[in-house]
1. I need the full set of residues from region 71-125 which are part of a helix (DSSP H, G or I), within 15 Å of the chain's Cα centre (by Cα) and touching a residue at least 60 places away in the same chain (Cβ under 8 Å), in order please.
2. Could you say whether any residue in region 99-106 is touching a Gly at 6+ places or on another chain (Cβ under 9 Å), surrounded by 19 or more Cβ atoms within 10 Å (Cβ to Cβ) and among the aromatic types (Phe, Trp, Tyr)?
3. How many of the residues making up region 21-50 are assigned to a helix (DSSP H, G or I) and at pLDDT below 95?
4. What's the total number of residues in region 126-152 that are without any contact (Cβ under 8 Å) to a residue 40 or more places away in the chain and more than 14 Å from the chain's Cα centre (by Cα)?
5. Residues in region 52-59: is at least one free of Cβ contacts under 8 Å to residues at least 40 places away in the same chain, more than 24 Å from Ala145 (Cβ to Cβ), in a helix (DSSP H, G or I) and of a type in the set (Gly, Ala, Ser)?
6. Here's a check for you: in region 1-20, which residue that is assigned to a helix (DSSP H, G or I) and of a type in the set (D, E, K, R) is surrounded by the fewest Cβ atoms within 10 Å (Cβ to Cβ)?
7. Do we find a residue being out of contact with any helix residue (DSSP H, G or I) (no Cβ under 9 Å at 6 or more places or on another chain) and aromatic (Phe, Trp, Tyr) anywhere in region 65-77?
Amino acid sequence: MIRPATTHDLCALQDIERAAGVPFAAVGMTAVAEDEPPALDTLREFQRVGRAWVWADAADYPIGYLVLGLVDGIAHIDQVSVRPAFAGRRIGKRLIDRAVRWAASEGMAAITLTTFTEVAWNGPYYERLGFRYLSLEEETPGLRALRAAEHAHGLDRWPRACMRAELAGRSMDRSERGLVENRPRR
């Protein structure tokens with residue numbers, strides 16, 4: 001079940017991030033696997049502004065999460081992670097669909113993210129969800145700044161790119177479609 005993240009969830013989100021990093025070591029990306037999760041203050045700010053959601057288990061303990069930023073006036077998935085033990089259950093997709101619902105309710109035309117292009121559960125996964133790779137010319141100033149920060153952090157040792165999904169053509173669960181199709185046009 002998806003619900004807004006609470007301040008009590010924030011340490012669990014860090015734990016999810018650490019666990020979600022482990023599979024990167026298996027594909028030779030040890031530095032990514034060992035990278036520190038977002039700081040509590042960073043997660044707290046996403047939670048405070050209402051752009052942090054968790055997928056909670058039957059005991060209401062978070063097993064997946066998504067935090068959504070804004071880049072150049074467009075919704076941007078800063079992080080979506082699921083505990084590896086729960087992979088393959090479409091939890092990540094449902095969290096992304098929740099972010100899409102939020103972006104659509106705010107009248108946004110698209111949602112973006114940055115990702116590794118050659119990691120199966122990154123770029124290729126997002127392509128299956130309807131995201132497309134942006135050319136360098138299509139990257140907005142904010143996305144270029146994010147990519148520069150990622151480069152400075154060492155993430156460009158592996159191929160990375162920006163991706164974007166237009167909300168009007170987005171494939172979502174039936175209950176979510178009306179929000180996008182009926183959103184106000186800007």
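1. Once the filter is applied, which keeps residues that are part of a helix (DSSP H, G or I), within 15 Å of the chain's Cα centre (by Cα) and touching a residue at least 60 places away in the same chain (Cβ under 8 Å), region 71-125 yields Arg94, Leu95, Asp97, Arg98, Val100, Arg101, Ala103.
2. At the first step, the residues of region 99-106 found to be touching a Gly at 6+ places or on another chain (Cβ under 9 Å) are 102.
Narrowing further to those that are surrounded by 19 or more Cβ atoms within 10 Å (Cβ to Cβ): none.
No, region 99-106 contains no residue that is touching a Gly at 6+ places or on another chain (Cβ under 9 Å), surrounded by 19 or more Cβ atoms within 10 Å (Cβ to Cβ) and among the aromatic types (Phe, Trp, Tyr).
3. Counting residues in region 21-50 that are assigned to a helix (DSSP H, G or I) and at pLDDT below 95 gives 10.
4. Of the residues in region 126-152, the ones without any contact (Cβ under 8 Å) to a residue 40 or more places away in the chain are 126-128, 131-139, 144-145, 147-152.
From what is left, the residues that are more than 14 Å from the chain's Cα centre (by Cα) are 128, 132-139, 144-145, 147-152.
Residues in region 126-152 being without any contact (Cβ under 8 Å) to a residue 40 or more places away in the chain and more than 14 Å from the chain's Cα centre (by Cα): 17 in total.
5. So in region 52-59, the residues free of Cβ contacts under 8 Å to residues at least 40 places away in the same chain come out as 57-59.
Then drop every residue that is not more than 24 Å from Ala145 (Cβ to Cβ), which leaves 57-59.
Then drop every residue that is not in a helix (DSSP H, G or I), which leaves none.
There is no residue in region 52-59 that is free of Cβ contacts under 8 Å to residues at least 40 places away in the same chain, more than 24 Å from Ala145 (Cβ to Cβ), in a helix (DSSP H, G or I) and of a type in the set (Gly, Ala, Ser).
6. Per the criteria, the residue is Asp15.
7. There is no residue in region 65-77 that is out of contact with any helix residue (DSSP H, G or I) (no Cβ under 9 Å at 6 or more places or on another chain) and aromatic (Phe, Trp, Tyr).
Listed here are the residues, each with its yes/no results for (1) in contact with a Phe, Trp or Tyr (Cβ under 9 Å, 6 or more places away or on another chain); (2) at pLDDT 95 or above; (3) farther than 23 Å from Arg3 by Cβ.
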residue: Ala99; (1), (2), (3): yes, yes, no
residue: Ala103; (1), (2), (3): no, yes, no
residue: Asn122; (1), (2), (3): yes, no, yes
residue: Leu129; (1), (2), (3): no, no, no
residue: Ala148; (1), (2), (3): no, no, yes
residue: Arg160; (1), (2), (3): yes, no, yes
residue: Met163; (1), (2), (3): yes, yes, yes
residue: Ser175; (1), (2), (3): no, no, no
residue: Asn182; (1), (2), (3): no, no, yes
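The values are calculated or read from the model by the stated rules, or taken from the named source; none is laboratory data. Because the structure is predicted, anything quoted here is derived from the model rather than measured. Cβ: placed from backbone, ideal geometry, glycine included. Neighbour counts: every protein chain shown.
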